[in-house]
Amino acid sequence: MEKVEAQSAPDFTVSVVSHSQLGLIKNLLGDIDKHCRDSHFELILTLNVDEVLPFSLNDYFFSIKIIRNANPLGFGANHNQAFKQSSGRYFCVMNPDIRLDHNPFQPLLSCLVASTAGVAAPVVLGVDGGVEDSARRFPSPLKILCKVFGGCRGADYAVADAPVFPDWVGGMCMVFPSAVFKKMGGFDARYFLYYEDVDLCGRLMLSGYKSVLCPQATVIHHAQRSSHRKLKYLRWHLASMMRFFLSSVYWRLQWHKLFGRT
């Protein structure tokens, strides 16, 4: 019966991209299979490089579509590509290094509908159980410098029982109404990696939508922190940062902050 139900139009489409990360994704799929059987969704798995699946697509109660890229694409381009093949009313972007110990989809949906936001995100926990700083105010050059020199510490927003409405939420797990994601044109694929989430949340705000952090939904993030360890990722991070600060989105957000209009 579950297999038949999974073939009808789902509530959620979950998009996950692997870049030689199928071991992590196998763990994530197992978590979804264990904890999320009361949600109706499909999963689209994009293989950004050639990999052999270490699992069968029939191992899980939900349907899985596979996209195999001929050449690697960036974060935004991969998820935009998956969105074109999605059929869910809501579109969820999820990183391979996310783990679940409960079903976050229903509380995320409830939070999203109640707030009429353009994107919802769970509270992100580290492997030690601490709350990660995944809901933030928009970055600025001064704030980046402050962080580099250790002057800006602590979270931008306190997490309690009520929903939080930050400037932007981290791209490790985001849920959009599919109609809103389509209206916004998805992620800006010019950001190969990093700042796609900042840019899209900025465009959502400029279009009158909120971002919401939902305390009743949590995920566990086994963060890879590649930009802290590999020069290639650090270069991508810096390039994306500069692209954002030079973009019309950033300057329109500054105008919006000062004058309350776009």
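As an exercise: evaluate Asn69 against (1) under 19 Å from the mean Cα position of the chain (by Cα); (2) closer than 27 Å to Lys182 by Cβ; (3) not hydroxyl-bearing (Ser, Thr, Tyr) and give the number of the one condition it does not meet.
Of the numbered conditions (1) under 19 Å from the mean Cα position of the chain (by Cα); (2) closer than 27 Å to Lys182 by Cβ; (3) not hydroxyl-bearing (Ser, Thr, Tyr), the odd one out for Asn69 is (1).
Within the stretch 67-107, how many residues are among the hydrophobic types (A, V, I, L, M, F, W, C) and either over 12 Å from Gly186 (Cβ atoms) or modelled with pLDDT under 95 (or both)?
Of the residues in that region, 8 qualify.
Could you tell me whether any residue of the stretch 84-100 is among the polar types (S, T, N, Q) and either without any contact (Cβ under 8 Å) to a residue 40 or more places away in the chain or surrounded by 18 or more Cβ atoms within 10 Å (Cβ to Cβ) (or both)?
yes
Residues of the stretch 34-50 being closer than 30 Å to Ala70 by Cβ, without any contact (Cβ under 8 Å) to a residue 60 or more places away in the chain and not hydroxyl-bearing (Ser, Thr, Tyr), which ones? Please lay out each step first, then the result.
Filtering the stretch 34-50 for residues closer than 30 Å to Ala70 by Cβ gives 41-50.
Imposing the further condition that a residue be without any contact (Cβ under 8 Å) to a residue 60 or more places away in the chain reduces the set to 42-50.
Across the stretch 34-50, the qualifying residues are Glu42, Leu43, Ile44, Leu45, Leu47, Asn48, Val49, Asp50.
Need a quick list: strands (runs of 3 or more DSSP E) entirely within the stretch 1-89 having at least 2 residues that are touching a Pro at 6+ places or on another chain (Cβ under 8 Å) and within 30 Å of Tyr195 (Cβ to Cβ).
12-18, 41-47
Looking only at residues in the stretch 177-206 that are under 14 Å from the mean Cα position of the chain (by Cα) and not in a helix (DSSP H, G or I), which one is surrounded by the most Cβ atoms within 10 Å (Cβ to Cβ)?
Among those residues, the one meeting the criterion is Tyr195.
The values are calculated or read from the model by the stated rules, or taken from the named source; none is laboratory data. On a predicted model such as this, the values are computed, not experimentally measured, just so you know. For neighbour counting, all protein chains shown are included, and Cβ atoms are generated from backbone atoms with ideal geometry for every residue, glycine included.
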